[in-house]
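What follows is a single structure, written as structure tokens, with notes after it.
The values are calculated or read from the model by the stated rules, or taken from the named source; none is laboratory data. Quantities reported herein were computed from a predicted structural model and do not represent experimental measurements. All Cβ positions, even for glycine, are placed from backbone atoms using ideal geometry, and neighbour counts span all protein chains on display.
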Amino acid sequence: MLAKLSGAFSSIQKSLFPALEEELGELSDRQREFVIVIESLNVDAFFERCNWGRGRKPSSRLSIFKAFEAKSVFGYPTTRALIENLNMSPRLRRLCGWEYRGQIPSEATFSRAFAEFASQNLLSQIHVGMVKDKIGDRIFCHLSRDATSIKAREKACRKKMNDKEIKKAKTKKRRGRPLKEEYREKVERRLEVQPARSWAENLAALPKECDWGCKRDSNGKKMSWKGYKLHLDTVDNGIPVSAVLTSASVHDSQVAIPLAQITFERITNFYDLMDSAYDAPEIHQASYQMGHVPIIDHNKRNGEKKEFDPAKKVRYKERSTAERTNSELKDNYGAQFIRVRGYAKVFAHLMFGVIALTAKQKYSMLC
């Protein structure tokens, strides 16, 4: 599979680029990257023509998809800026599939198509295909897990209380230890029940509404934001293999097990690298059960912090891959320009960047 993939990328470099430059002129670095992203995707099956019946023939969803991918690769902050650049750049317009300016759809059509992509969870399906079909047979050494803040421009939802929380709020408990004859119902922690459930059930139980989140940065300073939190699994060479979006208030550890279950179905790796936010016995045990070696930074307990042995300390340095991936998504692939509202649309916007970064890193790995 890797030989086939390497041959495909070699064909892009030796055959496709010269042919395109002879037709369109010299391509810039960003335009070359855009071509690599589009050529590495197998999306024709997702955009097959259906019978549209009477009325006007709809705009090509494949061309609109390519345009949104260009928006992520070139870093255009809004769809309006994307359309303006499509009108001004014949080269970019033709790479997306439109010969003339008049063929470019309106901003409203772009918006409707984006809503379709988001509601169908199309971007996640495409990313799964990229990982399984292209690199799924390769064995990776390190997998780095981390989460990053995603700021959104929408109203934060009010926290919903479940039945147990409502009952607890209404019932006044006596302070101190319970009496011998007093019975208190044990509330199971989320980490305790996750290993026995599928990843789909675990993800369904996680909050996904826009709310407020708070965490400490690498310098120990407290920061808060309104929006969401993107959880990523990244393997060697900085390739994102799994992505999950949750509410900003969800702690990193609550997503570790379902994210590991998703990744386990896609790739094979040896070591799971995580920071101290994931230092929980259930996460250690889940990693061992999958045949991995967890290397998780220790939390301080009783004022003391355990140190890694020399071998693990060296391997833990590879976790910086996750931080670089998060930074690149924000700096170069539009993760800091969230102009849509709602969980599905925000996740779709982020996945355009994840897909572009996955294609770029796969190409770099084979060059």
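For (1) farther than 20 Å from ALA359 by Cβ; (2) of a type in the set (D, E, K, R); (3) in contact with a Leu (Cβ under 8 Å, 6 or more places away or on another chain); (4) modelled with pLDDT under 85, each residue gets a yes or a no:
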| residue | (1), (2), (3), (4) |
| --- | --- |
| PHE17 | no, no, yes, yes |
| LEU27 | no, no, yes, yes |
| PHE47 | no, no, yes, yes |
| GLY53 | yes, no, no, yes |
| ARG61 | no, yes, no, no |
| PHE68 | no, no, yes, no |
| GLY75 | no, no, no, no |
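Of all residues in the stretch 286-315, those being more than 25 Å from ARG190 (Cβ to Cβ) and either within 22 Å of the chain's Cα centre (by Cα) or among the small types (Gly, Ala, Ser) (or both) number 2. The residues of the stretch 264-273 that are under 17 Å from the mean Cα position of the chain (by Cα) and either more than 18 Å from ALA204 (Cβ to Cβ) or buried (at least 23 other Cβ atoms within 10 Å of the Cβ) (or both), listed by number, are PHE264, ARG266, ILE267.
Could you check, for the stretch 115-128, whether at least one of its residues is surrounded by 15 or more Cβ atoms within 10 Å (Cβ to Cβ), modelled with pLDDT under 90 and within 22 Å of PHE34 (Cβ to Cβ)? Reasoning before the result, please.
We begin by selecting, within the stretch 115-128, every residue surrounded by 15 or more Cβ atoms within 10 Å (Cβ to Cβ); these are 115, 117-118, 122-124, 126-128.
Checking which are modelled with pLDDT under 90 leaves us with none.
For the stretch 115-128, residues surrounded by 15 or more Cβ atoms within 10 Å (Cβ to Cβ), modelled with pLDDT under 90 and within 22 Å of PHE34 (Cβ to Cβ): absent.
Restricting the search to helices (runs of 4 or more DSSP H) fully inside the stretch 248-355 and requiring at least 1 residues that are aromatic (Phe, Trp, Tyr) and at pLDDT 90 or above gives 253-264, 281-289, 310-316.
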